[in-house]
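FYI, it's all coordinate maths here, none of it is from the lab. Model, not experiment: these values are computed from the prediction. Cβ placement follows ideal geometry from the backbone for every residue including glycine, while neighbour counts extend to all protein chains displayed.
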Amino acid sequence: MKAFLFDMDDTLLEPVRPSPLLEFKRRWGLPNDHLVIEGLSLLPETQREIARGAFHQLEREVAQKSRVRPGMRAVLRALRRAAVPTALITNNNPEAVQIVLQRHRLEFSLVLTRADGRPKPAPDLIEQALAYLKVRPEEALFVGDSHADRIAAEAAGVPIVFLPTPDNADLHPRLRTPQELLAFLDNTRPSAIG
């Protein structure tokens, strides 16, 4: 693979349980099968801005308490040593992403948030990353944890693998640990994805 694209929450970062997003949806009466940012648009106008502000605050709080998934730092170091470009592609807001990057001293070749285009499951952010990194879809690997990640990667034509969370046992191909990503550096596992 010539480029690695990473989701942030529950992928780069260690999954948080109970899920603060599910609790936020419950508190605001948002549908569980929608992204929070989609669900906010369904609220009455009088509640929408208050809920949007509360969501931004939640994202900041989660970012401030975040922990990098065990093994992920070693993977990012190995990719950097091999001069393989990386992109962080997240539906999170730019402020929360900057908190995570600074708090954990993480660097990526490119960082894209929902402020940069339509959020996943739309393929826009992935397509932007491919163009910026100058790689074809089949030369990149998306590392995610959710159905939105799967839909976005498939729409962009990018192979995807999933890291485990308590909520994604149905998503495949599934790796047990981030270290397994290193097998993709020399394309030793292309048949495992597709």
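Over the chain, with a Gaussian network built from C-alpha contacts below 10 Å, which listed residue (ASP167, ASP145, ASP116) shows the highest mean-square fluctuation?
ASP167
Quick check on packing: order 39-50, 170-181, 146-157 by the mean number of other C-beta atoms within 10 Å, highest mean leading. Spell out each step's value before the answer.
Working: 39-50: 12.1, 170-181: 15.4, 146-157: 19.5.
Taking the mean over residues of other Cβ atoms within 10 Å, the ranking is 146-157, 170-181, 39-50.
Give me the angle, in degrees from 0 to 90, between the Cα long axis of helix 72-81 and the longest principal axis of the Cα atoms of the chain, rounded to the nearest 10.
Approximately 50 degrees, to the nearest 10.
Give me ARG118, ARG52 ranked fewest to most by other Cβ atoms within 10 Å of their Cβ, as a rough exposure proxy. Intermediate values should be presented prior to the final figure.
Working: ARG118 12, ARG52 15.
Ascending Cβ contact count within 10 Å gives the list ARG118, ARG52.
Ranking request for peptides 55-66, 122-133: highest mean number of other beta-carbon atoms within 10 Å first, then the rest in descending order. Before the final figure, lay out the partial values.
Numbers: 55-66: 16.4, 122-133: 19.2.
Most protected by this proxy first, the peptides run 122-133, 55-66.
Taking the alpha-carbon distance from LYS134 and a cut-off under 23 Å, which lysines remain once sequence neighbours fewer than 8 residues away in the same chain are dropped?
LYS2, LYS120
Kindly give the semi-axes, whole Å and largest first, of the ellipsoid equivalent to the range 95-194, taking each as the square root of 5 times a Cα gyration tensor eigenvalue.
Working: eigenvalues 86, 57, 47 Å².
Sorted largest first and rounded, they come to 21, 17, 15 Å.
Looking at the chain only, what percent of DSSP beta bridges run antiparallel? Nearest 5 please. Could you put the intermediate results ahead of the total?
Working: 1 of 15 bridges.
Bridges in the chain that DSSP calls antiparallel: roughly 5 percent.
Taking the highest mean first, how do the peptides 69-78, 25-34 order by number of other beta carbon atoms within 10 angstrom per residue? Don't jump to the answer; show the numbers that get you there.
Numbers: 69-78: 16.7, 25-34: 13.4.
Put in order of decreasing packing, that is 69-78, 25-34.
Using only alpha carbon pairs under 8 Å that are at least six residues apart, calculate the relative contact order of the chain and give it in whole percent.
Working: 286 pairs, mean separation 49.1, N = 194.
This gives 25 percent for the chain.
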